[in-house]
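Only the coordinates and a few stated rules stand behind these numbers; no lab work does. Quantities reported herein were computed from a predicted structural model and do not represent experimental measurements. Cβ placement follows ideal geometry from the backbone for every residue including glycine, while neighbour counts extend to all protein chains displayed.
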Amino acid sequence: AQAASAGADTMPRTTEEWVRYLSDFTRNAEMVVDPKKFVAALATISEPEFLMAAAQAMQDPNQYMQSMTSLMDPRAYTNYARTMDPNTLNAWAQALTDPQFLNAINYTMTDPGKLMRWLSAPMDPKLLAPMMNALNPNQYQRTGMVVMDPRLAGMAAAPVNPNWYANWLATMATPQSYGPTMGNFMQPMYGGAMPMPAAPITVAPTAPMAVPQMAFPAFPPMALPQWPMPSGYPMLMPFPLPGYAPAAQY
């Protein structure tokens, strides 16, 4: 396990390893966390050989499947969440004021030998290999066989798997995902939840409240006055209107 961890922490050496490293979303943010790794990555990706290796890797279905699988891995969140650690900001603040770091960046971008390598890149046979590979029928056959790859079925079934969401939420809620400093800051005191005394809650018995009954006086029944209605007029018109003649009674 220690050998595997040490191998995971070592930086790539060849151009092909750099392509796999940068396409791995569980590791490629290390060059943002560490300024020294950033210089090493900048020195590699600014070479024309890296461009040729990346063009060949883009035509490899296996490389695409590995990259997409790492993108859906919950460790990808931890990979980028570490950039919020204060140690990362402190390391970059010191690097930007370090003359050696600035000289390394300047030399990487203004290397005369690198400029000559870029000028001679169009005559490199490695540059023509991806172009000629596009005319190879086997390339399209390999791409068509991707639909039968079990990894593709696993990626398609991941969004409907509740455990996939549970793993992502657990990773986001873990303080160690944000680096050692942020992890210790977000960790509760006493190494866990603060103990609270469980005091029993007692409720004193209370007597039911006596509501006084108020007696209201009885009012005598009220009789509405009855007005006599003239005969021969409608009920809605109790008073005669000028110029109105009642209709004949049938």
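Note on segment 1-96: dipole from Cβ charges, positive end direction compared against 80, 68, 50; the farthest Cα belongs to 80. Using the Cβ-Cβ distance between residue 164 and residue 143 with R0 set to 35 Å, the FRET efficiency works out to roughly 0.85. Below 15 angstrom from the Cβ of residue 168, what's the summed charge of the other residues (Lys, Arg +1; Asp, Glu -1)? Result for the local shell: 0.
First select every other residue whose beta carbon is under 10 angstrom from the beta carbon of residue 88; then total the charges, Lys and Arg +1, Asp and Glu -1. Before the final figure, lay out each step's value.
On the way: positive: 82; negative: 34, 85.
Net charge in that neighbourhood comes out at -1.
Sort 19, 146, 32 so the one with the fewest other Cβ atoms within 10 Å of its own Cβ comes first. Please report the intermediate quantities before stating the final value.
On the way: 19 23, 146 13, 32 16.
By the 10 Å Cβ count, ascending, the order reads 146, 32, 19.
Applied to segment 59-71, the Karplus parametrisation 6.51 cos²θ - 1.76 cosθ + 1.60 on θ = phi - 60° returns per-residue 3J(HN,Hα) values of 8, 9, x, 5, 5, 5, 5, 5, 5, 5, 5, 5, 5 Hz, with x for Gly and Pro.
Below 12 Å, Cα to Cα, which aspartates and glutamates can residue 37 reach? Residues fewer than 8 away in the same chain don't count. Once the sequence-local aspartates and glutamates are set aside, what remains near residue 37 is 9.
Within a straight-line Cα-Cα reach of under 12 Å, residue 126 can be paired with the following aspartates and glutamates, leaving aside sequence neighbours fewer than 8 residues apart in one chain: 49.
Please give me the summed charge of the neighbours of residue 133: other residues whose Cβ is under 14 Å from its Cβ, Lys and Arg +1, Asp and Glu -1.
Net local charge, residue 133 excluded: +1.
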